[in-house]
Amino acid sequence: MNSRAAPRRSAVAIAIYGLLNPIPFGCFVAALIFDIIYACTGVVMWGKGAAWLIVIGLLFAIVPRLVNLVQVWITSRRIARRADRIDFWLNLLAIVVAIFNAFVHSRDAYGIVPASVWLSICTVLLLCIAHVLMALQYAGVPYVAVEDDVHE
């Protein structure tokens, strides 16, 4: 009798992921708003605030990405859907863009303006696409949920 249990995701990992995953998104959206305000007003406080928000968002993005890495690519790779994998790569790309944005924010004064706004927009757009993709998967939209990488 060779009965093999179906792989399941850890409840603790799901809880940690669900708790920490929204924090970077909020920080990056707030940083985008601060960057736009800084570009319009030139008040240095907004640029410094955006830099801090990006750093905090990057720090809080570490744990959910590690949980996602383990769940999508290591422990549950057989039950991971295509949308899970795309979500992982979009989030990882957003983190890379945010790292570049943190380096741009290390410049002096108004020298950050054009690049910081565009990098913040790219970061937020990538995260928005990833969140919409996952929402469509959980809503059961056939286009996203059916196209799994299943080979028989």
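Each pair of Cα atoms in the stretch 13-144 enters the Kirkwood radius, and Stokes-Einstein at 10 °C and 1.306 mPa s then converts it into a translational diffusion coefficient of 104 µm²/s.
Find how much the distance from Ile129 to Ile62 grows on full extension, using 0.36 nm per residue of separation minus their present alpha carbon separation; answer in nm with one decimal.
Result: 22.2 nm gained on full extension.
Extending 7 Å from Cα along the Cβ direction at Thr75 and again at Ile99 yields two label points whose distance is 2.5 nm. Label positions at Val44 and Ile16, each projected 7 Å from the Cα along the C-beta direction, are separated by 4.0 nm. A P(r) calculated from all alpha carbon pairs of the stretch 43-95, with 5 Å bins opening at zero, reads 4, 19, 21, 17, 12, 9, 7, 5, 3, 1, 0 percent.
Read the figures in this text as sums done on the coordinates, not as results from a lab. Nothing here was measured: the structure is a model prediction, and the numbers come from that model. Note that each Cβ is placed from the backbone with ideal geometry, even for glycine, and that neighbours are counted across all protein chains shown.
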